[in-house]
2 protein chains.
Amino acid sequence: MDLKSTPARDAILCFLKSSKSPVDVEQIIEYLRSNNLNTNKVTVYRNIERLYKDGEVERLEFGEGKFRYELKKNHHHHLICTGCGKIEEVEGDFLNKMEEEIYRTGGFKVKNHVLEFYGLCRKCQIKN
Amino acid sequence: MDLKSTPARDAILCFLKSSKSPVDVEQIIEYLRSNNLNTNKVTVYRNIERLYKDGEVERLEFGEGKFRYELKKNHHHHLICTGCGKIEEVEGDFLNKMEEEIYRTGGFKVKNHVLEFYGLCRKCQIKN
DNA sequence: TGACAAATGCAACTAAGTTGCATATAATTC
DNA sequence: GAATTATATGCAACTTAGTTGCATTTGTCA
């Protein structure tokens, strides 16, 4: 027997699908509450952990001292606006060359990487 | 009156100088204890926070659910071995082009980025 | 419909980091 | 070298993020 379909798990996946930027556990709980699913935080932690380990969601850090999650999809990076906190996505992988060189020069075999950009979105540039 | 030179702060800086990879608060406290500086964790948190805000140290995350710190120096990235946990440094900034393109195509002005590589160091590749 | 693994809820816990407040200590000035 | 004062420290208590143990419930499958 494998992954079961339960109201909590379904709702979490549904929320992740509808979210435009990575969400934290608190946001998931809020979503469940607002949909009248009285869920315990432990359930959320266990579900998200399971989804993460099964490779269905991505676990991210943005210097907040907590994790954020998003559905796994095409490889991409994030643009985090330090003005308004908005998180956008950017595609593109410029790092193949760099990873090849790392292997060539030092023998370290890169399996994956974390690359996030911090700066100001267009709106926040205008504000200042 | 600005930053004071105190035994705790001096020792923390000394430890950071001698560390070859980013350290966490626990390691700093251990270091202080082993040097007979009976220090409170609050002191360590406040000192490291101050050093971080003053731009003297870098605050890093490696998916551990806590922060690590290192003295600020030349811009570089890290190679984190998921086998043994060893953290090496790599220099080089391949991202200028990418950041220019991000600005050109979407107007997002990148101020800084986080780029870390996860994989296997030479030794751990052999082990498996 | 019974069986059983998987999921949940609760309470209690850990780990990382923070806050308030009283005390101590560098550094500056006289 | 003592007085001053901003800065730093220590303690206790707290918060926030995440975990664990255990008893109960719920999907799923045969």
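One table, with the values for the structure above:
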| quantity | calculated |
| --- | --- |
| Residue ID - least open to solvent (accessible area, probe 1.4 Å), chosen from residues in the range A:1-38 that are part of a helix (DSSP H, G or I) and within 8 Å of DNA strand D (Cβ to nearest atom) | A:Val25 |
| Out of A:Lys41, A:Lys86, sole residue that is of a type in the set (D, E, K, R) and surrounded by fewer than 14 Cβ atoms within 10 Å (Cβ to Cβ) | A:Lys41 |
| Residue list for the range A:55-81, restricted to those being away from DNA strand D (no atom under 15 Å from the Cβ) and either over 30 Å from B:Glu49 (Cα atoms) or part of a loop (DSSP other than H, G, I, E, B) (or both) | A:Gly55, A:Glu56, A:Leu71, A:Lys72, A:Lys73, A:Asn74, A:His75, A:His76 |
| Check on A:Ile87, more than 12 Å from DNA strand C (Cβ to nearest atom), within 14 Å of another protein chain (Cβ to nearest Cβ) and touching a Ser or Thr at 6+ places or on another chain (Cβ under 6 Å) | yes |
| Residue check, A:Asp10 within 16 Å of DNA strand C (Cβ to nearest atom) and more than 14 Å from chain B (Cβ to nearest Cβ) | yes |
| Only one of A:Ile126, A:Ile48 that is open to solvent by less than 80 Å² (accessible area, probe 1.4 Å), more than 7 Å from chain B (Cβ to nearest Cβ) and either hydrophobic (A, V, I, L, M, F, W, C) or over 27 Å from B:Leu120 (Cα atoms) (or both) | A:Ile48 |
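The values are calculated or read from the model by the stated rules, or taken from the named source; none is laboratory data. All figures in this text were calculated on a predicted structure; none of them were measured in a lab. All Cβ positions, even for glycine, are placed from backbone atoms using ideal geometry, and neighbour counts span all protein chains on display. Accessible surface areas use protein heavy atoms only, side chains included; no ligands, DNA or RNA. Shrake-Rupley method; radii C 1.70, N 1.55, O 1.52, S 1.80 Å.
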